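Okay, structure first, notes after.
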Amino acid sequence: MGEVYRARDTKLGREVAIKILPELFAADPERLARFQREAQVLASLNHPHIAAIYGLEKAGEIEALVLELVPGETLAEKIAAGPIPVEEAVAIARQVADALEAAHEKGIVHRDLKPANVKLTPEGKVKVLDFGLAKALTGDASSPDVSHSPTLTAAATQAGVVIGTAAYMSPEQARGKPVDKRSDVWSFGVLLFEMLTGRRLFAGETVSDTLAAVLRQDVDWKALPVETPASIRRLLSRCLERDPRRRLRDIGDARYELDAVEGGSDAGAGSASVVRSGIRPLPALAAMIAVALVAATAAWMFKPPPEPQKQPLIRASYPIGARLNTSNQRPQLAISADGRFVATVVGGSLKVRRVDELVPADVAGTEGALSPFFSPDSRWIGFTTAAAIKKVPVESGGVSVVVEVGGGVSTGPFGASWGDNGLIYYGARDGLHAVSADGGASQVVVSGSNYAQPQLLPGTRLLLYARGHSASGFSPDGEVVLRALDGGHEVVLTKGTSPRYASTGHLLVARTAGVFAAPLDLKARRLSKEPVLVAPQVAMLGSFAQYDVSRTGTLIHIPGSAANNPVSLLRRVGASGAAVPLGQTRREYSDPRVSPDGGRIALHLQDQQNDVWTLDIERDSLTRLTFDPREDETPVWSPDGLWIAFSGSARQGDGRRVFRRRADGSGAEETLWSLPEHTHVTDWSPDGQTLVIDVLHSVNGSDIRLLELKATPKIRPYLETPFDESSGRVSPDGRWLAYRSNESGRNEIYVQPFPVPGAKVQVSTGGGIQPVWSRSGRELYYRSDSALMVARSKPGPSPSLEAPMPLFKDAFARTQGDGHTSYDVFPDGRFVFIESIETANATTANPVVIATFNWQHDLSARAPGRSAGAIP
C-alpha cells in the first residue's frame, strides 16, 4: 500500500498516520481520480471500530492519506503467539462484525479483510484498517488476475505477504469475479477460524497453491478447539460457504451467535447444530420515559435481572400523539428485535422513538407508509406502502425500494416481516411472498388466498402466519398456522389473528379479549400449554391487531376494542388541497360518487350493513337505497342521473350480482348480471349502454369486463391478461378507458381505446392507483403514495397526455381493495375525499403505546397443561 509514517497534525494537535500512495497509483491520473472519489466515500465512515480517514493531501508529486493513528499490535501478531481463547476471540470478532456491518450499510465493501488489517489497542478495542481501499486503488474490474488485493499489487515481491493476502480471499474474488459484501463475510469466517485455531485455514507454498486451497480444500472442522460452542461452529459453516448464494448474507446476522456466546447463553461445546430460538436480551436498555398529559413521567426499567422468573409484571405507557389512521387496516406499530426502538405510523409517515429518549423522531421519505417492521439486527426499518415495500436505516435515513408489489396487492401487503435469512415475507391476495431485503423479484412461497402476517421463525425453515380472516374485520374462526417451507407440511396451532413468535419460546396471538401467549414446542410443532391473556383489549383495525414483541421479550400494544369502527367525514377539496367539511354526518364512508348534476353523492356505508346510500349535499341528508342483508358496494351513476348501479353479494349461494335501482329509491332493484367471482362496478359509459366491471379472481388478480345493457344484457372481456387490472374509468367523450395495472411490476395508470382495447399509453411513472377523469375530460387524476397527481390532455385524435404533476399532498383515507375509489370530482373541478377523524373507541382516538415486561415469567404458573395433540 506504500509507506506509512507516524506524524503530528500541528493544526489540531493530534498524532496521525500518513500513508504515502505508491508511485504506481499516484502517477496514473485516472486511477488517482477514482481513488479520490472513493476516499471521499470512505471518509463518511464514522464508527468506533473503523480507523478513520481524516483527509487526502498532495505535496508536489506525492499523494498521501491522513489516517487515524491506531496504537497496539495487529491481530496477525497476536495470532502468531498461538490460538486465542474462545471468549476473547468472540469479543474481537464481535467488534470486527460491527465495523463490517456499518460499512456494508453504506455500500462499502472492505475487499482485503485479514488479521494484518485488524489492530488491537492497549485498551482492548478493535480497529479495522484500510476499509474499501482495494476498490479505491484497483476499481471493480473483473479479471483472472488476483491483483484485486492492494497488498498483492504493492507487495508482489514479498511472497509471504502475497500468500497471506490470498489466504483470506473469497472464492469469487480468487476467481477474479466481481465481489460484494458476501466476500467480506467469507474473509470474516476465515479470520475467526484462524483466531480459534492459531493457524491458517488455507495455506500453500505459492500464491497458486493458496488460491487452489481457497477454491477446493475442505475445511478441517476438527482443528477447532473442543470448547468451541455449537453456535460458533454453525456461524463458521455459514460464513465459509463457497457458493455466495448460500453464504450468510448479512454480517449483522453473525452478531446474534456472537452475542449469545458473550452473554453465556450458548457456551456449550460440540459440533452438532441445534435449532435455537433464544436471543440474549441486551445487557441494559436504559429507560423509556413516558410523557403524560398531566406531565407525569414513568421509567421503563429494561435491565434483565439475574433471575427473571422472580420479577413482577410491569407495564408502562406513552402517548403516540395522534389518532390512528383507522382506514389503514394494517399493523401501525413495531418494536425492534433488540427492544431499543418503537416505530409507529403517524399522519401517514413513520416516527421512531428510542426507548431512552423522550421525543420521537420523524423518518424522512416515508410518506404513504402503512405498516412498519424491523430487520433482525434492528438497524433497518422496513415499511409497506400501497404500492411497494421499502426500507430505511434506523438512525441515518435514506429510503430505498425493496420491491414494487404486484400480483393484486394494489392496497399494500397484508403484513410483512424480515427473516434472519435475509428475506422479507409478506401477504398478498394470491398467497405469501418472499423477496430479498436487498431487492429483486419476489416469489410465492405459499399459494392461496386470505393469508396474512407471515413470520419466519429465527434459525428455522418454519413460517408462521394467519389464515381465514376477512379483509374487513376480525374473524373468531381465523387460524394460526405453522408451515414447513421444506415439504409444505403445516399444522394449525390455535385460533386467532396476528401471530408473533418471541425468542422466549412463546407464540403470541390476538383474540377478541386481547393478546394471548403460550409456550411453543418447535420440535413437536404444537403449543405445550393453553394460551393465557397477557395484554387485554388490544386495538383491532380490520383483522390486524395493533401489537408487536421484540426478540428480547418486550411486548407493546395499543389498547382498544376488537369492534373499533372507523368514523369519517366527507371533505370538499379544492385544487390547492384546501379542505372544508362536506356536511357534518360522521359515518364509515366508502366509494363516494358525485351525481352528474353535482347535487348528490352515492356512497357505500360500511357501518350500516354495507348498504348503498345517497347524500343530498345541500340538506346534509343521507337516504338509504338498499335494504337487503348482503354486502352492496361501489355505486355508480347513470349518465342521466336517474339510476345507480352497484355490485352486491347474491342473496343465496356464492358469487356476486350487478344490480341497478332508481336513484330516488322508487321501484324495485333489478338484477343485471350474476357472476361466480367477486365483482365491483367501476363506471357507467357516457352513452349509458355499458357498465365497466372489475372481476376479482382469488389467485390471478383482477380483470376488466364490460356489461352491455342491451335488451338482453351481455358481458364480454375488455382486459383479461396474466396481470392485475382494475378501476376502469371511461373518459367523458366515451373514447378512452383509464385503469390501473401491475404489468410493469408495480401499479401504474394506463389509457386504452374504449370500448375496444388497442394501443395503450402509460400515464403514471412513479406508481399510481384510482384514476378519475375530470368532467371535461381534459384532466386525468390518480393517487400516488403521497399526492393527488394530474395529467392534462393535449388536443388530438389519440390519447396524448402531458407528464403528470402533483396537484396537492394526499393524506386522505384510502379505501382498501381493488376496484374501490375513495374520491371523486365535482362538475366544477373540486373534489370529494374521505377523511378519517377518529374511531368509536376513545383509546384509539387518543392512543397510547403500552409496554409489558416480564409477562413470560409467570406464564407457566397461569397456563394449565394440555393433552397431546389438542388444539385450543
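Laid out as a table, the results:
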quantity	calculated
Residue within region 201-209 that is modelled with pLDDT of 85 or more and either at positive phi or β-branched (Val, Ile, Thr) (or both) present	no
Scope region 437-455; condition aliphatic (A, V, I, L, M), over 17 Å from residue 480 (Cβ atoms) and surrounded by 20 or more Cβ atoms within 10 Å (Cβ to Cβ); matching residues	437
Residue 713 being open to solvent by 50 Å² or more (accessible area, probe 1.4 Å) and either polar (S, T, N, Q) or farther than 21 Å from residue 823 by Cα (or both)	no
Qualifying residue in region 228-241 (condition: touching a His at 6+ places or on another chain (Cβ under 8 Å), open to solvent by 20 Å² or more (accessible area, probe 1.4 Å) and either closer than 25 Å to residue 374 by Cβ or at pLDDT below 55 (or both))	no
Test for residue 27: is it modelled with pLDDT under 90, of a type in the set (A, V, I, L, M) and over 41 Å from the mean Cα position of the chain (by Cα)	yes
Subset of region 664-687 that is of a type in the set (Gly, Ala, Ser) and under 44 Å from the mean Cα position of the chain (by Cα) - its residue that is surrounded by the fewest Cβ atoms within 10 Å (Cβ to Cβ)	674
Among (1) open to solvent by 30 Å² or more (accessible area, probe 1.4 Å); (2) modelled with pLDDT of 90 or more - the single one residue 61 does not satisfy	(2)
Single residue of region 627-642 satisfying the filter (open to solvent by 50 Å² or more (accessible area, probe 1.4 Å) and touching a residue at least 24 places away in the same chain (Cβ under 8 Å)) that is nearest to residue 726 (Cα to Cα)	639
Lone qualifier among 594, 538, 509, 580 - being without any contact (Cβ under 8 Å) to a residue 40 or more places away in the chain, of a type in the set (A, V, I, L, M, F, W, C) and over 30 Å from residue 849 (Cα atoms)	580
Residue among 114, 106, 125 that alone is surrounded by 21 or more Cβ atoms within 10 Å (Cβ to Cβ) and farther than 19 Å from residue 233 by Cα	114
Residue list for region 350-391, restricted to those being touching a Gly at 6+ places or on another chain (Cβ under 8 Å), touching a residue at least 40 places away in the same chain (Cβ under 8 Å) and more than 15 Å from residue 422 (Cα to Cα)	355, 367, 368, 370, 371, 372, 384, 385, 386, 387, 388
Considering residues of region 582-641 that are aliphatic (A, V, I, L, M) and not in a strand (DSSP E or B) only, the residue farthest from residue 832 (Cα to Cα)	625
Answer residue from region 573-613, given it is on the phi > 0 side of the Ramachandran plot and in contact with a Leu (Cβ under 8 Å, 6 or more places away or on another chain) and is modelled with the lowest pLDDT among those	583
Search result, residues across region 170-186 that are out of contact with any helix residue (DSSP H, G or I) (no Cβ under 6 Å at 6 or more places or on another chain) and either closer than 14 Å to residue 210 by Cβ or of a type in the set (A, V, I, L, M) (or both)	175
Strands (runs of 3 or more DSSP E) wholly inside region 522-572 containing at least 1 residues that are open to solvent by 20 Å² or more (accessible area, probe 1.4 Å) and at pLDDT below 85	532-536
Residues of region 187-227 satisfying the condition of being open to solvent by 60 Å² or more (accessible area, probe 1.4 Å), over 11 Å from residue 166 (Cβ atoms) and of a type outside the set (Lys, Arg)	205, 217, 218, 220, 221, 226, 227
Subset of region 741-758 (residues that are closer than 20 Å to residue 428 by Cα, touching a Phe, Trp or Tyr at 6+ places or on another chain (Cβ under 6 Å) and either β-branched (Val, Ile, Thr) or modelled with pLDDT under 90 (or both))	742, 743
Subset tally (residues that are open to solvent by less than 20 Å² (accessible area, probe 1.4 Å), at pLDDT below 90 and either under 23 Å from residue 503 (Cβ atoms) or in a strand (DSSP E or B) (or both)) for region 378-388	3
Members of region 575-626 that are of a type in the set (Ser, Thr, Tyr), under 36 Å from the mean Cα position of the chain (by Cα) and surrounded by 21 or more Cβ atoms within 10 Å (Cβ to Cβ)	589, 590
Total residues in region 242-253, condition open to solvent by less than 10 Å² (accessible area, probe 1.4 Å) and in a helix (DSSP H, G or I)	2
Residue list for region 485-500, restricted to those being in a strand (DSSP E or B) and farther than 20 Å from residue 558 by Cβ	490, 491, 492, 493, 494, 495
Residue count, region 743-753 (criterion: outside any strand (DSSP E or B) and surrounded by fewer than 24 Cβ atoms within 10 Å (Cβ to Cβ))	4
Any helices (runs of 4 or more DSSP H) falling wholly within region 76-163 and containing at least 3 residues that are at pLDDT 85 or above	86-105
In region 166-186, residue surrounded by the most Cβ atoms within 10 Å (Cβ to Cβ) [restricted to those that are in a helix (DSSP H, G or I) and without any contact (Cβ under 8 Å) to a residue 60 or more places away in the chain]	166
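The values are calculated or read from the model by the stated rules, or taken from the named source; none is laboratory data. Since the model is a prediction, treat every value here as computed from it, not as a measurement. When we count neighbours, we look across all protein chains shown, and the Cβ atoms used for this are built from the backbone with ideal geometry, even at glycine. When the accessible area is computed, the model is the full protein with side chains, heavy atoms only, and any ligands, DNA or RNA have been set aside. Shrake-Rupley method; radii C 1.70, N 1.55, O 1.52, S 1.80 Å.
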